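Asker: To start, I am sharing the structure in question, which I have written as C-alpha cells.
The values are calculated or read from the model by the stated rules, or taken from the named source; none is laboratory data. What you see is a predicted model, and the numbers here were worked out from it, not measured in a lab. Methodologically, a virtual Cβ is constructed for each residue, glycine included, from the backbone with ideal geometry; neighbour enumeration extends over all protein chains shown.
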Amino acid sequence: MINIGTSGFSFPDWIGTIYPKSIKKENMLSYYEKELGFKTLEINFTYYTLPSQKALQGMNNKTGADFKFVIKAFKGLTHDIWNERKEIIDNKKIFDKFIYSIDPLVKDSKLSCIIAQFPYSFHHTEGNLEYLKFFKDRFGEIPVIIEFRNSDWVTDNTFTFLKNMRMGYCIVDEPGLKNLMPYYPAVTSDIAYFRFHGRNKNWFSVPASERYNYLYSEQELNEFLPGIIKISGKSKTTFVFFNNCHAGSAAKNAITLAKMIGQKNSKI
C-alpha cells in the first residue's frame with residue numbers, strides 16, 4: 001500500500017492553481033479528497049500550535065472512512081525542549097495536551113502515525129537518544145516516525161536504535177547542502193515514510209515561505225520510483241508526502257507520482 005499526499009492542503013496560493021478560484025476554505029479538504037483523489041494528508045499546522053479536538057474532529061467529519069491522517073508533532077515536543085542550560089526539560093504536560101487533542105482521529109482509527117521532525121541542532125548524542133526513547137514511550141501504541149535534519153544521524157547505530165524502539169525513519173529529499181540529511185532510503189518499522197521538501201539551494205538564506213519553492217521535474221520523480229517501490233515491499237504501509245507546497249507544487253508532484261505508480265487521480 002503506497003499512500004501519496006501533501007503536507008498541508010489549505011494554502012492561499014493553491015486557489016486558482018490547484019483549487020477553483022471560487023472555493024471556500026471550508027471546502028478545500030473535501031475537494032482535496034474527492035476531486036484531487038488523495039486518501040491521505042499530513043497535517044502540519046499542529047507543529048505551530050496545539051490543535052483542538054474540535055478542529056481535528058471537523059477534519060475527520062469532512063473525510064471518508066478510509067481517509068488516513070498523519071499529524072506533525074508540536075514544536076514544544078521536538079524543538080523547544082531545552083532550557084537555558086541546554087538541558088532537556090520535562091514537557092509531560094505538553095505531551096498530555098497534544099495526545100488529548102488528537103484523540104478524535106485515534107478513536108476513529110484515522111490517525112496512521114505521528115511525524116516528529118527534529119531541528120538541525122538536534123545531534124546524534126546519547127542524551128538525544130534517551131529523549132527519543134522518552135518521546136516514543138509518551139505516545140504508547142501510536143506509531144511514531146522520526147525525521148532528522150542533521151546528517152550525523154545517518155549511522156548504523158541510528159537505524160538499529162530505531163528498529164529496536166519500533167520507530168519509523170523518515171526518508172527525506174532536500175537540497176544537497178553540507179550537513180543536511182541526504183536521500184537515504186531505509187525502513188525501520190512497519191511504516192515506510194518519504195518526505196519530499198524540494199531542492200531549493202537557498203534553503204538557509206530565504207524565509208520559510210520560500211524555502212519550499214521547488215517543483216520536481218518528471219525526470220526527477222521517475223528517478224525516485226524504484227526506491228519507493230522497493231521500500232514499499234519491505235513495509236506494511238508506505239507514505240509519500242510532498243512538502244514543496246509553494247504555489248501548489250506539492251499537489252502537482254503528488255498527482256504526477258501517483259499516476260506513475262498507477263494510482264488514479266484527477267487532472268489539474
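Yes/no per residue for (1) on the phi < 0 side of the Ramachandran plot; (2) touching a Lys or Arg at 6+ places or on another chain (Cβ under 8 Å); (3) at pLDDT below 95; (4) not basic (Lys, Arg):
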site	(1), (2), (3), (4)
10	yes, yes, no, yes
25	yes, no, no, no
29	yes, yes, no, yes
33	yes, yes, no, yes
72	yes, no, no, no
81	yes, no, yes, yes
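Asker: Condition first: part of a helix (DSSP H, G or I) and either at pLDDT 95 or above or more than 21 Å from residue 118 (Cβ to Cβ) (or both). Can you find one or more residues in the range 231-244 that meet it?
Answerer: yes
Asker: What are the residues in the range 78-88 that are without any contact (Cβ under 8 Å) to a residue 24 or more places away in the chain, closer than 20 Å to residue 148 by Cα and not aromatic (Phe, Trp, Tyr), if any?
Answerer: Passing the criteria: 80, 86, 87.
Asker: Still on this structure: Scan the range 193-214 for residues that are part of a loop (DSSP other than H, G, I, E, B) and either small (Gly, Ala, Ser) or surrounded by 14 or more Cβ atoms within 10 Å (Cβ to Cβ) (or both) and report the count.
Answerer: 9
Asker: If we scan the range 63-82, do we find a residue that is over 30 Å from residue 134 (Cβ atoms), out of contact with any Pro (no Cβ under 8 Å at 6 or more places or on another chain) and of a type in the set (A, V, I, L, M, F, W, C)?
Answerer: Looking for residues that are over 30 Å from residue 134 (Cβ atoms), out of contact with any Pro (no Cβ under 8 Å at 6 or more places or on another chain) and of a type in the set (A, V, I, L, M, F, W, C), one finds at least one in the range 63-82, hence yes.
Asker: Under 8 Å between Cβ atoms, which residue pairs at least 6 apart in sequence (or on different chains) link something in the range 120-142 that is over 14 Å from residue 95 (Cα atoms) and in contact (Cβ under 8 Å) with a residue 24 or more places away in the chain with a partner that is of a type in the set (Val, Ile, Thr) and assigned to a loop (DSSP other than H, G, I, E, B)?
Answerer: Sorted first by the residue in the range 120-142, then by its partner, the pairs are 124/155.
Asker: Counting just the residues of the range 14-64 that are part of a helix (DSSP H, G or I) and aromatic (Phe, Trp, Tyr), which one comes out surrounded by the fewest Cβ atoms within 10 Å (Cβ to Cβ)?
Answerer: Top of the filtered list is 48.
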